[in-house]
Amino acid sequence: MKTQVAIIGGGPSGLLLSQLLHTKGIESIVLERKTKNYVLGRIRAGVLERGFVELMREASASERMDAESYVHDGTQVSFGETMFRIDFDKHAGHPVIVYGQTEVTRDLYEAREKANGKIEFNVEDVVINDAKSDAPYLTYTVDGEDRRLDCDFVAGCDGFHGVSRQTIPTEVRREYEKVYPFGWLGILSETPPVNHELIYSGSERGFALCSMRNENLSRYYIQCSLDDNPEDWSDDAFWDELKRRIPKEAADKLVTGPSIEKSIAPLRSFVTEPMRWGNLFLCGDAAHIVPPTGAKGLNTAASDIHYLYNGLREFYESGSREGINAYSEKALARVWKAERFSWWFSSLMHRFPDQSEFDLKMQIAEIEFLRTNEAAQRAMAENYVGLPY
Ligand code: RFL
Ligand code: PHB
């Protein structure tokens, strides 16, 4: 088989790139290790920046998102009983959108299917060959049968555990990592959200986040130990702990119910440099990870796709390699800013096992500064709604 752009990974990054390229008549084939239902079963991001929304529109995949998503002009931040609002509209001039990654992925699959886009599921043992040449190719197996895909470019959209990043030789690749000493235990429940905006809540017992998907679907997280298992947490234990970590006015309004999903995610900051090796381009979680506190993971994946899509489009339209040559540098410049914001917000809101009384006082003083200082609120709002591409 032959295509112009071979895309490894059928998560949001790979699907968005494939669909955007299609709108410009550029051919691609997506190779996904799992099944479509498996990919759609992952409950992940919930908050989308304006840049992401615009890309979905450009990809002609935004109809349902435009009709069903929720516009959030601000968010609540609390510590103990003190709760205050960061006004996105006032400080950054635009809102964020609440629309789940599951829905984004479903919409992109539908758009690819409607356009007869080619996606191969259950692919195994993908190997990227001759990435430094003008004729790279992938080998892989499906149902034990060997296959080969020739292409001009390879987009590595295969997440943190994929093969793409590992293909870049270790002498070329530099990795930067910070692993946080805790995780997030998340549940999804068919209950109305406790508040019409998200609540990021610090407390002496640890962090909690109240989020949502729609009027009758709530997403809550609490900071947990890395040794915890989701099965160790009954629904009642989860709700009790959540109530202890959010202000009383919110706890009193919380509607609880059975969880329909419960999982633990570790927190990590990670960046690999460069994001390009020859004609292989890394995008999204394949190249970088942020802790989820600033809602930047999927949104940073989207800015990568924006730079790569425009670079490829320019190449196929005019033969210029300027955009693809600048890809790694441009993407990384934005990635590092999102890393900084996610690291700052995570460090501010969580309890760390080795934290001293002094460290706790510093967190409280910084939250108090954020509560009372417009410049600090503006900095937070600008980062949260998304820095420009
Ligand atoms: P994905 O979603 O991991 O998709 C990669 C795909 O590649 C496939 N794959 C392979 N296919 C073929 N061959 C191989 N060798 C392969 N290896 C892997 C995988 O099966 C998979 O389908 O990466 P992508 O597309 O870059 O998307 C990134 C986002 O998924 C991620 O950044 C976000 O979910 C992060 N994130 C959030 N981001 C936000 O912007 N806002 C949020 O509110 C937000 N909340 C979150 C989050 C992530 C979380 N977890 C669980 C890590 C909340 C949580 C709890
Ligand atoms: C979510 O709704 O899953 C969510 C929202 C905001 C975050 C992280 C996750 O910062």
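Of all the options Gln19, Gln355, Gln76, the one that moves most in a Gaussian network model of the chain with Cα springs shorter than 10 angstrom is Gln355. Under 8 Å for C-alpha pairs, at least 6 residues apart: give me the relative contact order for segment 91-242, rounded to a whole percent. Taking the mean separation of contacting Cα pairs over the length of segment 91-242, I get 14 percent. Sparse packing (at most 14 other Cβ atoms within 10 Å of the Cβ) combined with a DSSP loop state is found for the following GluC sites (Glu not before Pro) in segment 210-269: Glu215. For the pair Phe369 and Glu81, a Förster radius of 25 Å applied to the C-beta separation gives a FRET efficiency near 0.90, rounded to the nearest 0.05. Dipole of segment 269-367 computed with +1 at Lys/Arg Cβ and -1 at Asp/Glu Cβ about the Cα centre; of Val290, Trp277, Gly319, farthest Cα towards the positive end is Gly319. The modelled label-to-label distance between Ser320 and Lys90, using points 7 Å beyond Cα along the C-beta direction, is 4.3 nm.
Over the chain, what percent of the accessible surface lies on carbon and sulfur atoms, probe 1.4 Å?
47 percent
Our note on the geometry: Cα centres of segment 141-213 and segment 318-347, 17 Å apart.
Placing pseudo-labels 7 Å out from each Cα toward the beta carbon at Phe352 and Thr23 gives an inter-label distance of 4.2 nm.
When only alpha carbons of segment 269-329 are considered, Rg and Dmax amount to 12.5, 41 Å.
If you run the Gaussian network model on the chain, springs between alpha carbon atoms under 10 Å, then out of Asp146, Asp304, Asp87 the most flexible one is Asp146. The trypsin sites (Lys or Arg not before Pro) found in segment 262-346 that occupy coil by DSSP, while having at most 14 further C-beta atoms within 10 Å, are Arg321. Highest mean packing first, where packing is the average number of other Cβ atoms within 10 Å per residue, the peptides 119-125, 186-192 line up as 186-192, 119-125.
Applying 1/(1 + (r/R0)^6) with r as the Cβ-Cβ distance of Thr139 and Glu63 and R0 = 30 angstrom yields a FRET efficiency of 0.20.
Between Arg378 and Ala115, full extension at 0.36 nm per residue minus the direct alpha carbon distance yields a gain of 90.5 nm. The relative contact order of the chain, computed from alpha carbon pairs under 8 Å that lie at least 6 residues apart in sequence, is 20 percent. Please report, to one decimal in angstroms, the Kirkwood hydrodynamic radius of segment 278-389 built from all distinct Cα-Cα pairs. Across segment 278-389, the inverse of the average 1/r is 16.0 Å. Listed by chain and number, the lysines whose C-alpha is less than 22 Å from the C-alpha of Lys36, apart from same-chain residues fewer than 8 away, are Lys114, Lys118, Lys262. Accessible surface ranking for Trp343, Trp184, Trp336, Trp277, 1.4 angstrom probe, highest first: Trp343, Trp336, Trp277, Trp184.
Taking max minus min of the alpha-carbon positions on each principal axis, the chain gives extents of 61, 40, 40 Å, largest first. Per residue, the chain exposes an accessible area of 43 Å² to a 1.4 Å probe, with every protein chain left in place. Accessible surface of Arg378, taken over heavy atoms with a 1.4 Å probe and every protein chain present, rounds to 130 Å².
Restriction of the trypsin sites (Lys or Arg not before Pro) in segment 115-201 to DSSP coil positions whose beta-carbon has at most 14 other beta-carbons within 10 angstrom yields Lys132.
Say R0 is 56 Å: what FRET efficiency, to the nearest 0.05, do Arg148 and Trp344 get from their beta-carbon distance? Computed FRET efficiency for Arg148 and Trp344 comes out at 0.75.
The values are calculated or read from the model by the stated rules, or taken from the named source; none is laboratory data. None of these values were measured; they are calculated from a predicted model. All Cβ positions, glycine included, derive from the backbone under ideal geometry; neighbour counts span all protein chains shown. These area figures cover heavy atoms from the full protein model, side chains too; ligands, DNA and RNA do not enter into them. Shrake-Rupley method; radii C 1.70, N 1.55, O 1.52, S 1.80 Å.
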